[in-house]
1. So what is the orientation-averaged projected area of the stretch 128-196, using the convex hull of its C-alpha atoms, in nm²?
2. Could you work out the mean projected area of the convex hull around the alpha carbons of the stretch 1-60, in square nanometres to one decimal?
3. Just to be sure I understand the model, the point goes 7 Å from the Cα along the line to the Cβ. What's the resulting L29 to K153 distance in nm?
4. Treat the stretch 100-156 as a sphere of radius equal to its Kirkwood radius over Cα pairs and apply Stokes-Einstein at 10 °C in a medium of 1.306 mPa s; give the translational diffusion coefficient in µm²/s, rounded to a whole number.
5. Loop-only check: which GluC sites (Glu not before Pro) in the stretch 97-181 are DSSP coil with at most 15 other Cβ within 10 angstrom?
6. Which residue fluctuates the most in the chain, going by a Gaussian network model with Cα springs under 10 Å, if the choices are L208, L54, L96?
7. Under 10 Å, Cα contacts only: if you run a Gaussian network model on the chain, which one of V128, V100, V256 comes out with the highest mean-square fluctuation?
8. Between the stretch 132-173 and the stretch 32-59, what's the alpha-carbon centroid distance in Å?
Amino acid sequence: MDSIHTFFKKHVSIAIVAVFIAELSLYELMWQLGTALHFSFGTSNQSYFFAEILLKVLPALLIAFCIGTLDSLKDPFKNLGKSLLSGAWILIISVLGSIVFLIDEFDKGKMLKEPSHIVYFVLFLLMVGLSEELLMRGTITRLLAGKFSKEGKGKVITVLIGGLLFGLYHFSNYFYSRDLEATLLQMLATAMMGMLLCAIYVKWGNLLGVILLHAALDFMTMSRYGLIAGMSIADNRTSGGRGDLKQTLISNSTFVIAAIVVMMHGKKKRQVCR
């Protein structure tokens, strides 16, 4: 496997294409396998949690193993606090946004789901963060940092490309919503958010930190669907809310500004790629 890992480190473009193709292919394969084994792809929080493990987490682990980036999961607590501090803006808006969403639902007379359903919702979000961050930060951003250097212009290029690829990664949501405009706006939003996550990972090299920050962002956007009784995570894909280009740019510009601050503040304490 060492020769394969070396090949991907030298040919980053091929590695990135391989990650995208493998992720889509393994998703379909695991879906077919789950269907053949009569796995229930339901709409409950519990079903989403187990489906996320089968369809996304296991493929992500396999891809990272083949590419040679599975060791990005090592030392999960090293620089964790600094990583979370760099993403403090994400934590702040996630908490405030979730509170606003929930108050709005409570004003309508809605109630929270049972505690076990809430636990599965949180676990689901952590699995989403694990699968996407392992691929997008622990694998792709890490390879980009190794190619373009981890300082100066190389760091900026890594963060920009990493963010754009994170946005492109979400084009697959079009096949669920069939709404091209909404998908493109989501790609733009996730690209801008992805730049901040890339900047934090490049600076501190801590994958657990960006996994938790990713989960916090998703908690805000999906809190009403995962926490409120009578609603499902599946409703998030059919809710119809999409905003417009100006709104998307303005609301997500803070992530880009925060990414610039992270890159400019001090010197990077840990090298992502050795």
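Coordinate-derived values only; no laboratory data. From a predicted model like this one, the values you see are computed outputs, not experimental measurements. All Cβ positions, even for glycine, are placed from backbone atoms using ideal geometry, and neighbour counts span all protein chains on display.
1. 4.6
2. Here the figure is 4.9 nm², rounded to one decimal.
3. Taking the simple label geometry, L29 and K153 are separated by 4.0 nm.
4. 109
5. Sparse-neighbourhood loop GluC sites (Glu not before Pro): E151.
6. Among L208, L54, L96, the largest GNM mean-square fluctuation belongs to L96.
7. Result for the chain, Cα springs under 10 Å: V100 fluctuates most.
8. 28
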